[in-house]
Amino acid sequence: MSVDYEAVHESYDRCLKDDTFFDTFYDLFLVKSPEIPPLFKDTDFRKQKQVVRVSVLMMIRLGLGEPQTREAIEKLGEVHSSRDRNIRPELYDLWLNSLCESVKQHDPEYTLELEQQWRDTMQPGIDLMVSMY
Ligand code: HEM
């Protein structure tokens, strides 16, 4: 199946129609592993939800091949690397699963096929971040 960025972008717009998408996301993500909550112990979640909202859009746009988008994700990879926040690569699967579960809850047009499009769209950005670990 080829990646349909437009379909994922439209799905993301539907998810963001109400303001609670990233509330759902962090509710799901934080309980995926006991390793996760301590990493966010000093986090201002109001701010975090705003910046993650923008970064998911960047992840979607990575496939368009714009150099600024790639640089922004590399910067994000540096923040998550062993030199900074030390986010173990295994945790990205939990992150992506939480994102897809949130899409399922918030996008009225969710299908399994759309979820696969989401996964295929996010994976190159995740691979890029993990490669910088
Ligand atoms: C591709 C997946 C991910 C994206 C797009 C993403 C996005 C972001 C963004 C935009 C920030 C703010 C960076 C900054 O302040 O400069 C951030 C911070 C952070 N992320 Fe991620 N993240 C991802 C995966 C993960 C995973 C798997 C974890 C594991 C627990 C994680 C834990 C954190 C933590 C602990 C912070 C710092 C929060 C703070 O400032 O207190 N992230 N992330």
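Some points to look at:
- Going from the residue with the fewest nearby Cβ atoms within 10 Å to the one with the most, TRP118, TRP95 rank TRP95, TRP118.
- Potential lengthening of the chain between HIS9 and LEU94 amounts to 28.5 nm, from the contour at 0.36 nm per residue minus the alpha-carbon distance.
- Cα→Cβ-extended label distance, 7 Å offset, between ARG85 and ARG119, nm: 2.3 nm
- Pairs exceeding 21 Å between alpha-carbon atoms, taken from LYS17/LYS47; LYS32/LYS104; LYS17/LYS49; LYS17/LYS41: LYS17/LYS41.
- For the chain, the relative contact order comes to 41 percent (Cα pairs under 8 Å, sequence separation of at least 6).
- Residues SER131, SER55 in ascending order of nearby Cβ atoms (within 10 Å, fewest first): SER131, SER55.
- Förster-model FRET efficiency, 35 Å R0, ASP19 and LEU64, C-beta, rounded to 0.05: 0.85
- Two-site FRET efficiency, GLU109 against LEU57, from Cβ-Cβ distance with R₀ of 22 Å, rounded to 0.05: 0.75
We did not get these values from a lab; they are worked out from the coordinates using the rules stated. Because the structure is predicted, anything quoted here is derived from the model rather than measured. FYI the Cβ positions are ideal-geometry reconstructions off the backbone, even for glycines, and counts take in every protein chain you see.
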